[in-house]
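S.K.: Dumping the structure here so I can ask a few things about it.
What follows is calculated from the coordinates using simple rules that are stated; it is not laboratory data. Here the structure is a predicted model, which is why all the values come from computation and not from measurement. Note: ideal-geometry Cβ built from the backbone for every residue, glycine included; neighbour counts use all protein chains shown.
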Amino acid sequence: MEIYTIGFENQLKILRQKALPIENINDRTIKLAEDMIATMIEAKGIGLAAPQVGIGERIFTVKIGEDAPLIFINPEITFTSAKLSTYEEGCLSIPEQYAELERPQAIQIQAWNNRGRAFNLEATGLLARVIQHELDHLDGILFIDHISKQKRNRILGKFIFAS
Ligand SMILES: [Zn+2]
């Protein structure tokens with residue numbers, strides 16, 4: 001799958017849209033999740049949200065290190081810790097740009113997997129970080145929205161809006 005980046009106006013438009021819930025988890029959803037996982041691994045990413053491959057649906061995938069890939073469909077965060085942590089983030093849709101930003105250190109999330117089963121997950125550290133970053137994508141939010149305008153403009157200035 002092609003990874004959409006902010007360097008193309010038509011792709012940025014998709015990245016900025018709010019994704020819609022998946023009504024039925026079926027063979028098509030399973031195929032989409034498998035394709036997203038393969039794309040994420042090939043791009044050496046640790047998370048990928050459907051809008052990043054041009055699909056406006058509420059699904060994202062995560063794979064950290066040797067852990068099995070995780071699939072989150074129609075995810076909702078049910079708890080965020082008051083304690084924040086600072087971490088340097090990057091994004092496959094904003095290639096080669098990184099910035100430190102604060103997010104809650106721990107979260108709880110409810111979602112459905114590709115078998116249509118609901119699950120709850122508690123996450124801390126890097127996993128909590130990636131989940132929050134990917135969930136943002138489903139609402140059209142990019143990590144650069146969480147940094148100062150000055151830093152954001154410096155990053156945006158590196159991209160030429162081609163078409
Ligand atoms: Zn991203």
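S.K.: Between ARG117 and LYS158, how many nm apart are label points set 7 Å from Cα along the C-beta direction?
M.R.: 4.1
S.K.: Given axes a ≥ b ≥ c from the Cα gyration tensor, I'd like to know whether the range 1-154 is rounded (a/c under 1.5), prolate (a/b larger than b/c) or oblate.
M.R.: oblate
S.K.: List the lysines whose Cα sits under 25 Å from the Cα of LYS13, skipping any in the same chain fewer than 8 residues away.
M.R.: Leaving aside lysines fewer than 8 places away in the same chain, those within reach of LYS13 are LYS31, LYS44, LYS149, LYS151, LYS158.
S.K.: By DSSP, what percent of the beta bridges with both residues in the chain are antiparallel, rounded to the nearest 5? Each step should come with its number before you reach the end.
M.R.: Numbers: 26 of 27 bridges.
Around 95 percent antiparallel, to the nearest 5.
S.K.: Sticking with this one: Starting from the Cα of SER81, step 7 Å along the direction of its Cβ; do the same at GLN150; then give the gap between the two resulting points in nm.
M.R.: 3.0
S.K.: Still on this structure: First check a/c for the range 89-163, with a ≥ b ≥ c the square roots of the eigenvalues of its C-alpha gyration tensor; if it is under 1.5, answer rounded, and if not, answer prolate when a/b is larger than b/c or oblate otherwise.
M.R.: prolate
S.K.: Rounded to the nearest 0.05, what FRET efficiency do GLN110 and ALA43 have when you use their Cβ-Cβ distance and R0 = 45 Å? Spell out each step's value before the answer.
M.R.: On the way: r = 27 Å, r/R0 = 0.61.
Calculated value: 0.95.
S.K.: Quick one: putting +1 on the C-beta of Lys and Arg, -1 on the C-beta of Asp and Glu, what dipole do you get for the range 64-158 around its Cα centre, in Debye to the nearest 20? Present the calculation step by step, with values, prior to reporting the outcome.
M.R.: Values: 10 positive and 13 negative charges, 48 e Å.
So the dipole magnitude of the range 64-158 works out to roughly 240 debye.
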